[in-house]
Each structure stands twice: as C-alpha cells, then as structure tokens.
Amino acid sequence: MHLTKLQRAIIKLTVVVILAIVLIRVYQPELALMTHPSPAHQQELVTLVHQHGLGDTLLLIATIAILCSIPFAPNAVVCIFTGVCFGPFIGFLINWCGNIIGNGFVAIMIRRSGISEQVRHKRAFDHLTRQRFPVVGLIIGFIIPVVPNLLVNYAANGIRVTTGKYLLAASLGTLPIAFIYALGGNAIFTMNFKKVVVVIALFVFLCMFYWGLKRLQENLST
C-alpha cells in the first residue's frame, strides 16, 4: 500500500506522541525531579532509577531506536533524558545500543525498498558513496551531527557494505554523540560546570572536524 507524504507524516507523529505518553507515565517521578535539580533531588533520582526494572530500561532503548529511525524525531531529547536518569556511562550504553539498533532497522528497510533516484542525486549521497575507504566514510557520516543518519544508511546500501562492516561503522560512528548526549544530560542536572565544558568542547570539536574535512575535500577536488 502506497502512502502519501501527509499520511506518513501523520503516522510518524502518532508514533512519537504515543512514545512520549508512555515515557511520561513510566518516568513521571523522574521528570518531576528534573524541575528542581538540587543535591537532595539528585540522590532521590538515583533511588527512583534503581527501582526500575529491566523492562523500563529496554523501553528506553526501544524508544531511542524507534526515534532514531524517524527523520527529525526528538531522539536527542530522550538521549539527554537517559543521561540525566542513568548517569554518563550507563546512559551512554543505553543511547549507544538504541542508536545502533535504530540505524540497523533503517538499513534493513532501505535494503528491502531500494534507493530512490531523488536520494541518488543528492550531493552528500554521492560524496559518501565515492569514498576511497567506504567504512571510514560511513563512520565519519554517522559521527557528524549535521549529516542525517538516514542518508548515511542510504549510502551504506548504495556501496553494499557487508553486515559486519556496517555494524562496525554504525557502532563507531554513533559512539561519540551517544556519549555527548548522556554526559550533557548528566552535567545539566548535576550542575557540574566541568562536565558542561567537556560537552561543549566535544561538540565544537565535531563541528570543527566536519568543517575541516569539508575544506580539505574541496581543496583536493580543485
């Protein structure tokens, strides 16, 4: 069944709203504490998080995976929330797993549906599929925040990388941003200035890395 753009948009919005309602119901006490990030509330938050079972953790991973597979969905908001609740390291693992699963799902769907001519004519797609070292190009594509993951997954399908190489690229490529979101969420809630500085520095580094890489490629092409 062929769906129009409006129908697809409505379905995606409905999924996002349902996920938001479910998360709010499950993590309502934690969300209430976030409005008052005092040291006492920080300890209370840790206690509340420890009361959640494996099912609630898997819910977060599934939510991140689903939002990761929907273009322009607020995936970053959930990843930051995960960092607030579970801290920078466990939060990072949750974010990382969710993003890998989400991208893997998108890659499978693209493999089944194929690549449209509209995508093939995009400059970024052409650039990603003409890399001398394809896996390195995919890793960089996943790392850079301004490059949509959907486009990177299209490129992975276009160059027909093996499943093992794809998982390597997705794992290494989503690692930095998963950590930045988790550390950022924890830094904001705990009001840790040093962590905030580290998060900003890491994000600026990624942007500068993208800018420098783009300039280098422009110089090599001239």
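Where the accessible area of the chain is counted over protein heavy atoms with a 1.4 Å probe, how much of it, in %, is carbon and sulfur? On the chain, the fraction of accessible area on carbon and sulfur atoms equals 70 percent.
Rolling a 1.4 Å probe across all protein chains gives residue 190 an accessible area of roughly 40 Å². Stretched out straight at 0.36 nm per residue, the stretch from residue 48 to residue 111 would grow longer than its current Cα-Cα span by 18.5 nm. Charging the Cβ of each Asp and Glu at -1 and of each Lys and Arg at +1, and nothing else, the dipole of the chain about its Cα centre rounds to 860 debye. Under the criterion of Cα pairs below 8 Å and six or more residues apart, the relative contact order for segment 42-97 equals 35 percent. Averaged over its residues, the chain has an accessible area of 59 Å² per residue, based on protein heavy atoms and a 1.4 Å probe. Under the combined filter of DSSP loop state and at most 15 neighbouring Cβ atoms within 10 Å, segment 131-200 retains these trypsin sites (Lys or Arg not before Pro): 132, 160. In the chain, a dipole from Cβ-located charges (positive for Lys and Arg, negative for Asp and Glu) runs towards its positive end, and of 82, 192, 115 it is 115 whose Cα lies farthest in that direction. For the chain, rounded, prolate or oblate, judged on the Cα gyration tensor with a ≥ b ≥ c (square roots of eigenvalues), a/c < 1.5 rounded, else prolate if a/b > b/c? It comes out oblate by the Cα gyration axes. With respect to the chain, whose longest principal axis is taken over its alpha-carbon atoms, helix 134-143 is tilted by about 40°.
Across 11, 66, 200, mean-square fluctuation computed from a Gaussian network of the chain (C-alpha pairs under 10 Å connected) peaks at 11. Rounded, prolate or oblate for segment 117-161? Axes are the square roots of the Cα gyration tensor eigenvalues, ordered a ≥ b ≥ c, and the cut-off for rounded is a/c under 1.5. Oblate, since a/c reaches 1.5 and b/c is not below a/b. Maximal additional length on extending the residue 20-residue 197 stretch stands at 60.8 nm, based on 0.36 nm per residue less the C-alpha distance. Considering all different alpha carbon pairs of segment 100-222, the Kirkwood hydrodynamic radius works out to 15.5 Å.
The values are calculated or read from the model by the stated rules, or taken from the named source; none is laboratory data. Predicted model only: the values in this text are computed from it and were never measured. Positions of Cβ are generated from backbone atoms using ideal geometry, with glycine treated the same way; all protein chains shown enter the neighbour counts. Each accessible area value is taken on the protein alone, full model and side chains, heavy atoms only, with ligands, DNA and RNA left out. Shrake-Rupley method; radii C 1.70, N 1.55, O 1.52, S 1.80 Å.
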